[in-house]
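Each remark here refers to the structure printed beneath this line.
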Amino acid sequence: MPQRPARQGIRTDIRKAIQQGAARVDAATPTTRDRAVDALRAFAILGVVLGHWLVTALVADGGSLHTASPLQHMPWLAPISWAFQTLAVFFLVGGHVATRSYATARARGTTYGAWLTARLSRLFRPVAAVLTLWTVAAAGLLLTGAEFVTVHTLVKLALSPMWFLVVFAALTAATPLLTRLSPVWPLAVVLHVDLIRFGLGGPSWLGWVNEAAAWLVPFTLGAAWTRGELERRRAGWILLTGGAAATAALVAWAGYPASMVGVPGAAVSNLSPPTLAAVTFGLAQCGLALLLRDRLRGAMRRPLAWAAVALVNLSAMTIFLWHQTALMATTATGRLAGRLPGLHTVPDGLGWVAARVAWLPVFAAVLAVCWTAFRGYEQGSRRGARTRVVRSSRPSERGTAREKRHV
């Protein structure tokens with residue numbers, strides 16, 4: 001009988017320790033920081049992670065593994081991709097933070113080269129650890145007799161997040177040229193590329209122009225946010241309703257896929273390369289994100305919620321770069337126990353979906369191990385970083401004269 005009070009005491013002590021730690025994080029955060037920006041970034045990263053974990057399947061076929069997707073066998077699950085394909089929100093926040101940061105650097109007399117080096121080091125320092133581990137792992141698997149197809153599948157999936165960093169880094173480098181660019185211009189490029197590709201039978205390689213143009217749309221929306229042009233709720237509603245209506249029309253009448261992520265075997269992918277439907281869907285997401293800013297600011301006043309968001313932001317690139325590795329490691333280790341449902345089986349029914357949901361805590365635990373081992377590569381670049389303060393350029397609108405700080 002005494003064991004139960006003892007366990008309750010331990011749980012109480014743990015709960016108090018968590019609350020005290022969260023309170024310290026909350027107290028250490030400047031009151032002028034716009035916590036909604038960090039919350040949107042955290043939600044965007046976690047959306048991508050959960051989306052990959054839910055729609056990426058590795059089917060065991062004899063001694064090899066090949067990729068599959070539940071969206072391939074159950075296309076009616078396409079709404080899952082609507083909820084978890086959140087890259088547009090990440091580019092929106094990225095454009096907002098980059099343009100604010102560059103304005104601060106100029107005001108302080110910091111050179112463009114120094115500013116860019118500091119920005120990109122935060123992106124690419126964690127990459128070295130991922131590339132090193134997978135180079136060693138791939139060589140080891142091949143030397144121990146693993147099939148090349150299996151090794152290629154694992155490495156391709158594990159390193160797939162790299163494309164995002166290349167595009168994001170390129171847009172960050174171009175920030176001085178983008179501070180005043182209207183999102184209408186890159187949107188027009190995407191529209192014309194798709195018109196030539198799908199309407200006039202143009203070459204398929206032309207679609208790769210959209211790899212930059214498509215993500216430039218939310219990035220320049222972030223710049224417009226910095227300029228104070230998106231403070232009114234009307235802007236959010238226009239983006240949300242207009243983007244949603246355009247996406248629905250493109251899917252219903254123009255033949256675009258309903259899924260906002262790639263599906264193996266599909267003739268057209270909305271994401272690789274991005275299509276007009278992906279861009280209009282991203283506009284709707286950005287509109288929703290802008291509309292939620294006030295509520296997020298209120299929610300982030302809670303110490304526990306803010307501490308969780310702050311932790312994700314401190315390790316955003318580590319989480320993003322290693323989440324596929326966590327999936328691969330779980331799949332490869334589980335193979336030793338046989339062909340496990342939801343992990344190595346064909347994703348062709350609700351049974352697979354239920355089994356995959358049950359695996360999510362395991363993926364999260366493995367990702368936590370990766371985070372513990374490799375977070376220093378990212379967080380080390382932040383030590384000694386000074387808080388940057390940027391004053392709003394539109395002090396007359398809804399209290400935007402507040403100073404907002406972003407590390």
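The values are calculated or read from the model by the stated rules, or taken from the named source; none is laboratory data. Model, not experiment: these values are computed from the prediction. Here Cβ is always computed from backbone atoms with ideal geometry, including for glycine, and neighbour counts include all displayed protein chains. With ligands, DNA and RNA removed, areas are computed over all heavy atoms of the protein, side chains included. Shrake-Rupley method; radii C 1.70, N 1.55, O 1.52, S 1.80 Å.
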Mind checking the dipole of the chain: about its Cα centre, +1 per Lys or Arg Cβ, -1 per Asp or Glu Cβ, Debye to the nearest 20? 2080
Answer in debye to the nearest 20: the dipole magnitude of the range 146-229 about its Cα centre, from +1 Lys/Arg and -1 Asp/Glu charges placed on Cβ, is 160
What full-extension length gain, to one decimal in nm, is calculated for ILE14 and LEU311 as 0.36 nm per residue of separation minus the Cα-Cα distance? 105.1 nm
Rolling a 1.4 angstrom probe over the protein heavy atoms, how many square angstrom per residue are accessible across the chain? 48
Put +1 on the Cβ of each Lys and Arg and -1 on the Cβ of each Asp and Glu in the chain; which of VAL151, HIS66, VAL25 then has its Cα farthest toward the positive end of the dipole? VAL25
Work out the charge dipole of the range 1-141 with +1 on the Cβ of Lys and Arg and -1 on the Cβ of Asp and Glu about the Cα centre, then indicate which of LEU120, PHE91, THR56 is farthest towards its positive end. LEU120
Residue-level accessible surface for MET162, protein heavy atoms, 1.4 Å, Å²: 40
Using a Gaussian network model on the chain with a 10 Å cutoff between Cα atoms, which of HIS192, HIS52, HIS96 fluctuates the most? HIS192
Can you compute the FRET efficiency between VAL357 and ILE238 using 1/(1 + (r/R0)^6), with r the Cβ-Cβ distance and R0 = 51 Å? Round to the nearest 0.05. 0.90
Applying 1/(1 + (r/R0)^6) with R0 = 30 Å to the Cβ-Cβ distance of LEU340 and MET162, what FRET efficiency is obtained, to the nearest 0.05? 0.60
